[in-house]
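So the structure is just underneath, and the comments pick up after that.
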Amino acid sequence: MINITNLHKSFDDLHVLRGIDLNIEQGKVVVLIGPSGSGKTTFLRCLNLLELPTNGKIIIDNQEVSFEKNLPKQKITSFRSLTGMVFQSYNLFPHKTALENVMEGPVIVKGVPKQKAKERAVSLLQKVGLGDKVNFYPFQLSGGQQQRVGIARAMAMDPKVMLFDEPTSALDPELVGDVLKAMKDLAKEGMTMVVVTHEMRFAREVADEVIFMDQGVIMERGTPEEIFQKPKEERTRRFLNMIQ
Ligand code: ADP
């Protein structure tokens with residue numbers, strides 16, 4: 001589903017991603033861990049072209065982009081629609097209800113008829129446990145509920161891959177569980193997911209593969225057991241000792 005070759009990203013003199021190669025099969029859940037500043041967010045943002053890589057190649061669902069030349073805007077937009085992104089801050093439209101927030105993309109961007117978009121939005125909101133909150137505005141929802149609207153909103157665009165950038169790190173601890181449950185349900189349905197998170201329990205329980213990034217490269221990758229129980233690299237061990 002995802003095939004990344006020699007991906008590089010620099011911000012001026014700062015060489016943040018230093019040659020990432022990665023294949024992710026359809027339906028797999030990959031969790032990215034690593035120290036702050038190692039390039040996890042930048043990597044995720046490169047996958048949906050919120051940041052344009054400086055070099056390398058990305059293929060998602062057989063669509064390819066490479067970065068030696070300037071990319072046309074249209075190509076960026078169509079490539080971006082392959083992925084749905086869930087951010088740390090949920091950025092819902094404050095003057096729209098949960099339902100309207102979820103319908104907005106399909107209706108405005110894809111031209112889906114309103115009634116059809118509404119039915120789908122209701123069903124997505126039910127799936128993330130918000131069937132009774134469809135007509136609530138963001139200010140009437142907890143952070144965890146808003147984040148689940150964010151997940152439903154991303155899903156409404158029918159992405160091939162879901163990207164999560166620390167989706168629970170802005171939440172009070174008691175609100176984290178429901179968001180992780182919504183993500184687990186998505187994983188069970190076979191959604192391909194790339195998740196940056198500090199939730200090691202989620203990684204243990206849900207990830208097919210854990211990737212440890214450090215200083216812009218993949219230092220080590222493996223199953224949760226391999227990474228958490230017998231990491232090969234000293235730097236992985238040090239990182240895990242620090243956070244656990
Ligand atoms: P992580 O998610 O692992 O904490 P980031 O991808 O957020 O790491 O950041 C990696 C490095 O890239 C950091 O040094 C950060 O300051 C830098 N960086 C990220 N975004 C930008 C940007 N838009 N402009 C300049 N530097 C950036």
Criterion violated by residue 10 - all others in (1) among the small types (Gly, Ala, Ser); (2) within 15 Å of the ligand (Cβ to nearest atom); (3) under 28 Å from residue 206 (Cα atoms) satisfied: (3)
What pairs can you find where one residue is in region 1-21 and free of Cβ contacts under 8 Å to residues at least 40 places away in the same chain, the other is within 16 Å of the ligand (Cβ to nearest atom), and their Cβ atoms are less than 9 Å apart, with a gap of 6+ or different chains? 11/42; 11/51
Look at region 91-139 and say how many of its residues are open to solvent by 90 Å² or more (accessible area, probe 1.4 Å), part of a helix (DSSP H, G or I) and under 27 Å from residue 174 (Cβ atoms). 3
When residues of region 194-218 are limited to those that are touching a helix residue (DSSP H, G or I) at 6+ places or on another chain (Cβ under 6 Å) and charged (D, E, K, R), the one least open to solvent (accessible area, probe 1.4 Å): 214
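Rundown of residues vs (1) touching a strand residue (DSSP E or B) at 6+ places or on another chain (Cβ under 7 Å); (2) within 27 Å of residue 192 (Cβ to Cβ); (3) at pLDDT below 95, yes/no style:
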| residue | (1), (2), (3) |
| --- | --- |
| 110 | no, yes, yes |
| 120 | no, yes, no |
| 126 | no, yes, no |
| 130 | no, yes, no |
| 140 | no, no, no |
| 146 | no, yes, no |
Of everything in region 25-60, what is over 22 Å from residue 240 (Cβ atoms), among the β-branched types (Val, Ile, Thr) and in a strand (DSSP E or B)? Give them in sequence order. 58, 59, 60
Give me a count of the residues in region 4-50 that are open to solvent by 40 Å² or more (accessible area, probe 1.4 Å) and within 18 Å of residue 85 (Cα to Cα). 5
Which one of the conditions (1) open to solvent by less than 80 Å² (accessible area, probe 1.4 Å); (2) within 16 Å of the ligand (Cβ to nearest atom); (3) of a type outside the set (Gly, Ala, Ser) does residue 221 fail to meet, given that it meets all the rest? (1)
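Conditions tested, residue by residue: (1) open to solvent by less than 40 Å² (accessible area, probe 1.4 Å); (2) within 15 Å of the ligand (Cβ to nearest atom); (3) not basic (Lys, Arg).
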| site | (1), (2), (3) |
| --- | --- |
| 153 | no, no, no |
| 166 | yes, yes, yes |
| 189 | no, no, yes |
| 192 | yes, no, yes |
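The values are calculated or read from the model by the stated rules, or taken from the named source; none is laboratory data. The structure displayed is predicted, hence computed values, not measured ones. Cβ sites come from the backbone with ideal geometry, for glycine too, and all protein chains shown count toward neighbours. Quick note on the areas: whole protein, heavy atoms, side chains included, nothing else; ligands and nucleic acids left out. Shrake-Rupley method; radii C 1.70, N 1.55, O 1.52, S 1.80 Å.
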